[in-house]
Amino acid sequence: MLRNRKLGMAGIAVGAFALTVCTSVPLAYGHGYTTAPVSRAKNCQNGTVTNCGPIQWEPQSVEGPKGFPQAGPADGKLCSAGLQQFAQLDDQRGGTGWPATTLQPGQGFTFTWHLTAAHSTTDFKYYLTKQGWDRTKPLTRAALDLNPFLTVKLNGARPPTDVAHPGTIPTGRTGRHLILAVWTINDTANAFYQCSDVNF
């Protein structure tokens, strides 16, 4: 009887410890990808682009350190968020190998994300490459206008599963460009990075 009681008490203690551990772990972090303009990650998942590696199964997971442009992934690794398993996203494929969404300078456009796991959010920011950038080389800060052309602040709120951000496409661009969308998570150290190829 005493042995059974000790075993019972031990079971309660283990259960209480497990409950403490489980409740101290944060809820699932956010995950998501851009759907308009279609990102490289989404094009890989769709099968529109092949030879993509693991990103084809998890386009929502391009997550790296937040704080862009002062911090964040290293230059040349912005599209992959610095994750080696997603390095194919940094490959410019000769400058024309990725499908590009056709845009008009100055037009209104609704930028959209699909979030597979929403999370407390600081903001969404959108950056565009400068005219004359080298489209054959992996994306760097020097190639981007580091003043975002669209910023949507959430101040810690949790966005819906499908996010829409109306904005205006910058002027002064012709030819192929890249849009870098950055979704900054409020209560973790990370952000999500998505590169979309566009053509003016």
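A quick yes/no check of all residues on (1) within 17 Å of the chain's Cα centre (by Cα); (2) free of Cβ contacts under 8 Å to residues at least 60 places away in the same chain:
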residue	(1), (2)
L83	yes, yes
P99	no, no
G108	no, no
F111	yes, no
F124	yes, no
R141	yes, no
A164	yes, yes
A189	yes, no
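Tell me the residue from L139, L78, L128, L89 that is under 16 Å from D197 (Cα atoms), part of a strand (DSSP E or B), in contact with a strand residue (DSSP E or B) (Cβ under 7 Å, 6 or more places away or on another chain) and of a type in the set (A, V, I, L, M, F, W, C), please.
That would be L128, the only listed residue that is under 16 Å from D197 (Cα atoms), part of a strand (DSSP E or B), in contact with a strand residue (DSSP E or B) (Cβ under 7 Å, 6 or more places away or on another chain) and of a type in the set (A, V, I, L, M, F, W, C).
The rows are residues; the columns are (1) modelled with pLDDT under 50; (2) outside any loop (DSSP other than H, G, I, E, B).
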| site | (1), (2) |
| --- | --- |
| K6 | yes, yes |
| I12 | yes, yes |
| C22 | yes, yes |
| P26 | yes, no |
| G32 | no, yes |
| C44 | no, yes |
| T50 | no, no |
| P54 | no, yes |
| G64 | no, yes |
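Please specify each residue of segment 113-130 satisfying the condition of being over 16 Å from E63 (Cα atoms) and either surrounded by fewer than 16 Cβ atoms within 10 Å (Cβ to Cβ) or modelled with pLDDT under 95 (or both).
Listed by number, the list holds a single entry, K130.
Condition (residue is more than 17 Å from A71 (Cβ to Cβ), of a type in the set (S, T, N, Q) and surrounded by 12 or more Cβ atoms within 10 Å (Cβ to Cβ)) applied to segment 174-188: is it met by at least one residue?
no
Might you let me know whether segment 101-110 holds any residue that is of a type outside the set (A, V, I, L, M, F, W, C) and surrounded by 19 or more Cβ atoms within 10 Å (Cβ to Cβ)? Please lay out each step first, then the result.
The initial filter retains those residues of segment 101-110 that are of a type outside the set (A, V, I, L, M, F, W, C), namely 101-102, 104-108, 110.
Still in the running and surrounded by 19 or more Cβ atoms within 10 Å (Cβ to Cβ): none.
No.
Output the residues belonging to segment 131-154 that are in contact with an Asp or Glu (Cβ under 8 Å, 6 or more places away or on another chain) and either surrounded by fewer than 14 Cβ atoms within 10 Å (Cβ to Cβ) or of a type in the set (S, T, N, Q) (or both).
The answer is T140, A142, T151, K153.
The values are calculated or read from the model by the stated rules, or taken from the named source; none is laboratory data. None of the values given here were measured: they were computed from a predicted structure. Ideal geometry is used to build each Cβ from the backbone, glycine not excepted, and the neighbour counts take in all protein chains shown.
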